[in-house]
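**Q** Please see the structure below; I have some questions.
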Amino acid sequence: MKLTLWTYEGPPHVGAMRVATGMKGLHYVLHAPQGDTYADLLFTMIERRNHRPPVTYTTFQARDLGGDTANLFKDAARDAFNRFKPQAMIVGASCTAELIQDDPGGLAEALDLPCPVIPLDLPSYQRKENFGADETFHQIVRALAKPMPRTEEITCNILGATALGFRHRDDVAEVTKLLALMGIKVNVAAPLGSTPAEIARMGQAHFNVLLYPETGESAARHLERSCGQPWTKVVPIGVGATRDFLHEIAGLTGLSPKVNESGLRLPWWSASVDSTYLTGKRVFIFGDATHVMAAARIAATEIGFEVVGMGCYNREFARPMRAAAKAYGLEALISDDYLDVEDAIAAAAPELILGTQQERHIGKRLGIPCAVISSPVHVQDFPARYSPQMGFEGANVIFDTWIHPLVMGLEEHLLTMFREDFEFHDEAGASHHGAKATARTEVPVETADASGGDIFEQMKSKGAHEAAEAAVLEVAALHWLPEAERELKKIPFFVRGKAKRNTESYAADRGVVAISVETLYEAKAHYAR
């Protein structure tokens, strides 16, 4: 496994733990050495849960490796059942324990415990956390859910929400309300908040709503094959996607997709006077594929941002991610290395980052505001308040979350008017960013093309090494004279970035190294033609 300072996904047994922790009446027996019990902290500290995960560890130590670790596992499984009396158990091994090949599934089966025991075969060195959650939920559904007569009224199952998921608790509540407006009741929402007994009756629903493909698609496909239940393909994040979601359900059920939208504020707020100052803001989006693709649609069509970069860390969704990026004229970044992501963000020079907890840190280093839209997240992204991402209320929450890090129109004008004041000078930053905020050092856009590629590498690949070196040196030497900088600041903020980029491009094309006031106005006249 690749060791990193920070990782987007843990090993697959952490995904299995997300499923087990989200459920009730299910217990997870994990064959693991003493050091692998750290995962408890993810739930009790980061998610701020008031009880520890339902997991029993064998916690073998180095001295046990010379003995019978298989018996340690059997004793742990037997003791776990006697103590917790679960409706069902799942058993598996952590990435370290996988190496000793004790076969937890076979060992548990030999115990003949009086409850369903579901073995997990999670390849720790080939797959990661989201796969672990998806496969665990799939195996539980496969073992427990059976075909049965449908309910008299139209019902559905909601699939994919887990513990440690980004706003999963509130998303399930919001989608449940949305379905109720159409006259549809939820049969089972799983795995989050469900029990093995409830999963056993999933077959009586008329269809399934898949909220998170990363953690629920395998179960949805299985239920379609075994129980004849269709499942939704649209994830209702954003105004347009929520309306599409309602129409998709209308097609499955024959019900009307028209619901009460009186609480929806994003469309009007996005078109309001102050928000129009944000139109055209350059945004870079990175996270899990589902949230990134949804965020790109919202950014481009509902708020009016310009998407200048997008990508995901979960390689299982690389194909749909690349297709989505192509629609915006971009090449998707598929990487689980945060250093690659940082380089791509620096090259794109966005004015806002939408990402994970890691991109929040990248934004701090680069001086670019960031809003979190996807796991992995930290404790502040598990708010006590109701804060969904899905449905119409989710769209309102998204508007607030994304707009907050940016400087709104009125404050920008005040900062411009009083820039000589000790409190409002350019290096002070916006008031809501804190007293120690500093201005971002912008990366010249000439070093990158629209896809984030480096001019030096492009020219080098064409056999023009010397020309490439000269181009890079020329860009590095480009600078603004003080008088020109002062003149640039007189340009309204909402077009200042474009004016700066155009001027630098104009200067670089003509071999001008020191940008003067004359260069600024020559560039303006040139692009006006």
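**Q** Starting from the stretch 62-81, keep only residues that are of a type in the set (Asp, Glu), then list their pairs with residues that are at pLDDT 75 or above whose Cβ atoms are within a distance under 7 Å, requiring at least 6 positions of separation or different chains.
**A** What qualifies is 64/72.
**Q** While we're looking at this one, here's another question. Tell me, yes or no, whether the stretch 70-84 has at least one residue that is open to solvent by less than 40 Å² (accessible area, probe 1.4 Å), touching a Pro at 6+ places or on another chain (Cβ under 7 Å) and either modelled with pLDDT of 90 or more or closer than 27 Å to residue 190 by Cα (or both).
**A** Of the residues in the stretch 70-84, the ones open to solvent by less than 40 Å² (accessible area, probe 1.4 Å) are 70, 73, 76-77, 80-81.
Filter once more, so that each one left must be touching a Pro at 6+ places or on another chain (Cβ under 7 Å): 73.
The next check asks that each one be either modelled with pLDDT of 90 or more or closer than 27 Å to residue 190 by Cα (or both); those that pass are none.
Within the stretch 70-84, not a single residue is open to solvent by less than 40 Å² (accessible area, probe 1.4 Å), touching a Pro at 6+ places or on another chain (Cβ under 7 Å) and either modelled with pLDDT of 90 or more or closer than 27 Å to residue 190 by Cα (or both).
**Q** So which of 293, 310 ends up being assigned to a helix (DSSP H, G or I) and buried (at least 20 other Cβ atoms within 10 Å of the Cβ)? Talk me through it step by step, then tell me what you get.
**A** Details: 310 fails: assigned to a helix (DSSP H, G or I).
Sole residue among the options that is assigned to a helix (DSSP H, G or I) and buried (at least 20 other Cβ atoms within 10 Å of the Cβ): 293.
**Q** If you check every pair at least six apart or on different chains, which have Cβ atoms under 9 Å apart with a residue in the stretch 368-384 that is farther than 17 Å from residue 290 by Cβ and free of Cβ contacts under 8 Å to residues at least 60 places away in the same chain first and a residue that is part of a loop (DSSP other than H, G, I, E, B) and of a type outside the set (Val, Ile, Thr) second?
**A** 370/405; 383/167; 384/48
**Q** For the stretch 219-250, name all the residues that are open to solvent by 70 Å² or more (accessible area, probe 1.4 Å) and under 29 Å from residue 200 (Cβ atoms).
**A** Selection gives 221, 224, 225, 233.
**Q** Return yes or no: is residue 290 under 23 Å from residue 215 (Cα atoms), touching a residue at least 24 places away in the same chain (Cβ under 8 Å) and among the polar types (S, T, N, Q)? Write out each step before concluding.
**A** On the way: under 23 Å from residue 215 (Cα atoms): yes; touching a residue at least 24 places away in the same chain (Cβ under 8 Å): yes; among the polar types (S, T, N, Q): yes.
Answer is yes for this residue.
Here is a yes/no grid of residues against (1) modelled with pLDDT under 95; (2) under 28 Å from the mean Cα position of the chain (by Cα):
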residue	(1), (2)
226	no, no
236	no, yes
239	no, yes
244	no, yes
263	yes, yes
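**Q** Is it the case that residue 235 is in a loop (DSSP other than H, G, I, E, B) and β-branched (Val, Ile, Thr)?
**A** It is true that residue 235 is in a loop (DSSP other than H, G, I, E, B) and β-branched (Val, Ile, Thr).
**Q** Sticking with this structure for a sec: Evaluate the stretch 149-163: report whether one residue or more is within 22 Å of the chain's Cα centre (by Cα) and either at positive phi or open to solvent by 70 Å² or more (accessible area, probe 1.4 Å) (or both). Quick ask: steps written out before the conclusion?
**A** Let us first name the residues in the stretch 149-163 that are within 22 Å of the chain's Cα centre (by Cα), namely 158-163.
From what is left, the residues that are either at positive phi or open to solvent by 70 Å² or more (accessible area, probe 1.4 Å) (or both) are 160.
Yes, the stretch 149-163 contains a residue that is within 22 Å of the chain's Cα centre (by Cα) and either at positive phi or open to solvent by 70 Å² or more (accessible area, probe 1.4 Å) (or both).
**Q** Given the condition out of contact with any helix residue (DSSP H, G or I) (no Cβ under 8 Å at 6 or more places or on another chain), part of a loop (DSSP other than H, G, I, E, B) and either open to solvent by less than 30 Å² (accessible area, probe 1.4 Å) or modelled with pLDDT of 80 or more (or both), answer yes or no: does some residue in the stretch 23-39 qualify? Walk me through how you get there before you give the answer.
**A** First, pick out the residues of the stretch 23-39 that are out of contact with any helix residue (DSSP H, G or I) (no Cβ under 8 Å at 6 or more places or on another chain): 24, 34-35, 37-38.
Next, only the ones that are part of a loop (DSSP other than H, G, I, E, B) stay: 24.
Adding the requirement that they be either open to solvent by less than 30 Å² (accessible area, probe 1.4 Å) or modelled with pLDDT of 80 or more (or both) leaves 24.
So far as the stretch 23-39 goes, yes, one or more of its residues are out of contact with any helix residue (DSSP H, G or I) (no Cβ under 8 Å at 6 or more places or on another chain), part of a loop (DSSP other than H, G, I, E, B) and either open to solvent by less than 30 Å² (accessible area, probe 1.4 Å) or modelled with pLDDT of 80 or more (or both).
**Q** Let me ask something else. Pick out the one residue from 368, 373, 353 that is farther than 19 Å from residue 237 by Cα and either surrounded by fewer than 21 Cβ atoms within 10 Å (Cβ to Cβ) or among the hydrophobic types (A, V, I, L, M, F, W, C) (or both). Talk me through it step by step, then tell me what you get.
**A** Values: 373 fails: farther than 19 Å from residue 237 by Cα; 353 fails: farther than 19 Å from residue 237 by Cα.
From the options 368, 373, 353, the qualifying one is 368.
**Q** Regarding the stretch 179-198, can at least one residue be identified that is of a type outside the set (Ser, Thr, Tyr), open to solvent by less than 20 Å² (accessible area, probe 1.4 Å), over 21 Å from residue 117 (Cβ atoms) and part of a helix (DSSP H, G or I)?
**A** yes
**Q** Looking only at the stretch 270-288, decide whether some residue is within 24 Å of residue 190 (Cα to Cα) and not basic (Lys, Arg). Show your work before the answer.
**A** Our first condition is that a residue be within 24 Å of residue 190 (Cα to Cα); within the stretch 270-288, this holds for 287-288.
Applying the additional criterion that residues be not basic (Lys, Arg) yields 287-288.
Yes, there is a match, as at least one residue in the stretch 270-288 is within 24 Å of residue 190 (Cα to Cα) and not basic (Lys, Arg).
**Q** Any residue in the stretch 109-138 that is in a loop (DSSP other than H, G, I, E, B) sitting within a Cβ distance under 6 Å of a residue that is among the β-branched types (Val, Ile, Thr)? List the pairs, counting only those 6 or more apart or interchain.
**A** Listed by first residue and then by second, the contacts come to 120/90; 120/136.
**Q** Output the residues belonging to the stretch 326-350 that are open to solvent by 10 Å² or more (accessible area, probe 1.4 Å), in a loop (DSSP other than H, G, I, E, B) and free of Cβ contacts under 8 Å to residues at least 60 places away in the same chain.
**A** Within the stretch 326-350, 327, 328, 332 qualify.
**Q** Return the only residue of 259, 292 being in contact with a strand residue (DSSP E or B) (Cβ under 6 Å, 6 or more places away or on another chain) and more than 17 Å from residue 403 (Cβ to Cβ). Outline the logic, then answer.
**A** Details: 259 fails: in contact with a strand residue (DSSP E or B) (Cβ under 6 Å, 6 or more places away or on another chain).
292 is the lone residue from the list that is in contact with a strand residue (DSSP E or B) (Cβ under 6 Å, 6 or more places away or on another chain) and more than 17 Å from residue 403 (Cβ to Cβ).
**Q** How about the stretch 252-276: which of its residues are more than 14 Å from residue 239 (Cβ to Cβ), outside any loop (DSSP other than H, G, I, E, B) and not polar (S, T, N, Q)?
**A** 252
The values are calculated or read from the model by the stated rules, or taken from the named source; none is laboratory data. Note that the structure is a prediction, hence the values are computed from the model and not measured. Quick reminder, even Gly has a Cβ in these numbers, built from the backbone with ideal geometry, and neighbours come from all protein chains shown. Note: accessible area is taken over every heavy atom of the protein model, side chains too, but ligands, DNA and RNA are not part of it. Shrake-Rupley method; radii C 1.70, N 1.55, O 1.52, S 1.80 Å.
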